[in-house]
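The values are calculated or read from the model by the stated rules, or taken from the named source; none is laboratory data. Bear in mind that the values here come from a model prediction, so they are computed numbers and not experimental data. Cβ sites come from the backbone with ideal geometry, for glycine too, and all protein chains shown count toward neighbours. Remember, those area values only see protein heavy atoms, side chains included, never the ligands or the DNA or RNA. Shrake-Rupley method; radii C 1.70, N 1.55, O 1.52, S 1.80 Å.
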Amino acid sequence: MAEIDRAALDAQTGGDADLAREVLALFAGECRRLLPALTDPARPAIHRADIAHTLRGAAAGLGAARVQRLAGEAEQALRAGTAGAGESVTVLAAAIRDAVAEIEGA
């Protein structure tokens, strides 16, 4: 499964391959920076929800639809304090790792 919709990325970058690579590198770096805090259960849920929100927006900007969707679900679960919030974060973290692996393999 492709984690990054290349057509959506091309639309966002005007087909500029260098810009697309730069955007992908920035996203991967942001993911690596935020992932430890997102998955840290000792952090307040509201802070983790804010991180999920940030990742959702970043994913939307480059066509990472699965990360975008799962980040929205995790954000909602964390803000609501639902019992499934931890599982939502775990699933999101896996999707983020998949997206970063795809970016770094490209």
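Across every pair of non-identical alpha carbons in the range 49-90, the mean reciprocal distance, once inverted, gives a Kirkwood radius of 9.8 Å. Only helices enter the 222 nm calculation for the chain: every DSSP H run of n ≥ 4 contributes -39,500 (n - 2.57), and dividing by all residues gives -26000 deg cm²/dmol, rounded to 500.
Largest first, the extents of the alpha carbon coordinates of the chain on the three principal axes equal 42, 22, 19 Å. Solvent-accessible area per residue in the range 1-70 equals 55 Å², computed with a 1.4 angstrom probe and all protein chains kept.
Using the average count of surrounding beta-carbon atoms within 10 Å as a protection proxy, the listed peptides 92-99, 43-50, 8-15 rank, highest first, as 92-99, 43-50, 8-15. Taking 0.36 nm per residue of sequence separation and subtracting the Cα-Cα distance, how much length would be gained by fully extending the chain between L26 and A83, in nm to one decimal? Stretched out fully, the L26 to A83 stretch lengthens by 17.3 nm. Whole-percent P(r), the range 3-58, all Cα pairs, 10 Å bins from 0: 23, 43, 24, 11, 0.
Across the range 1-90, the mean sequence separation of Cα contacts (distance under 8 Å, 6 or more residues apart), normalised by length, yields a relative contact order of 31 percent.
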